[in-house]
1. Could you please state how large a percent of the accessible area of the chain is carbon and sulfur, counting protein chains only and using a 1.4 Å probe?
2. Calculate the FRET efficiency for I64 and D84 from the Cβ-Cβ distance with a Förster distance of 30 Å, rounded to the nearest 0.05.
3. Where in the chain are the DSSP H helices whose C-alpha atoms run 27 Å or more along the long axis and whose mean Kyte hydropathy is at least -0.5?
4. Between beta-carbons, use under 15 Å as the cut-off and find the net charge around K26, counting Lys and Arg +1, Asp and Glu -1.
5. Is there a pair in K2/K124; K93/K128; K50/K94; K2/K67 whose C-alpha atoms are over 20 Å apart, and which pairs would that be?
6. Using 7 Å Cα-to-Cβ label points, what is the K2/W123 separation (nm, one decimal)?
Amino acid sequence: MKILVFGNPLVEKDNLALKLLPKLRKEFPQIEFKEFDPTENLEAEIENKKLFILDVVEGINKVILIKDINKLQTNKIYSMHDFDLGYNLKLLKKVGKLKEVEIIGVPMVMGKEAMKEVQRILWKIVEK
């Protein structure tokens, strides 16, 4: 199993998922945690039409598991800069490349206390 981990290490409000990686890798050696840049080819990472993602999510106040990508808010696209993860996932689903997505969403406002909730969600995923 592989989980793509998004975030910008240089931006404090967008790097919590990356900060959690060392401990997650120790606790879940059976999972490949791959640091991923949104400019990379997301389609190449899809396994059996499914993706697992760990990312910081704006507008939430607790760790959540998002399974419905239609709930992801997207804005109008005016340039490639506006083409974000939500659009990419929706496009891949629409063209049939992607069937399921599970996003572990970590709030921007949380610190490392998010670790316990992320671990709880990961144990449920691993046990399936």
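1. Values: 4160 of 8050 Å².
The C+S portion of the solvent-accessible surface of the chain is 52 percent.
2. On the way: r = 18 Å, r/R0 = 0.61.
The formula returns an efficiency of 0.95 here.
3. Details: long enough: none.
Long hydrophobic helices here: none detected.
4. On the way: positive: K19, K23, R25, K112, K116; negative: E27, E32.
Net local charge, K26 excluded: +3.
5. Values: K2/K124 15 Å; K93/K128 23 Å; K50/K94 14 Å; K2/K67 16 Å.
The pairs that break the limit, which is 20 Å between Cα atoms, are K93/K128.
6. Between K2 and W123, the simple spin-label model gives 2.7 nm.
The values are calculated or read from the model by the stated rules, or taken from the named source; none is laboratory data. Bear in mind that the values here come from a model prediction, so they are computed numbers and not experimental data. Please note: Cβ atoms are built from the backbone with ideal geometry, for glycine as well, and neighbour counts cover all protein chains shown. Note: areas computed on protein heavy atoms with side chains; ligands, DNA, RNA excluded. Shrake-Rupley method; radii C 1.70, N 1.55, O 1.52, S 1.80 Å.
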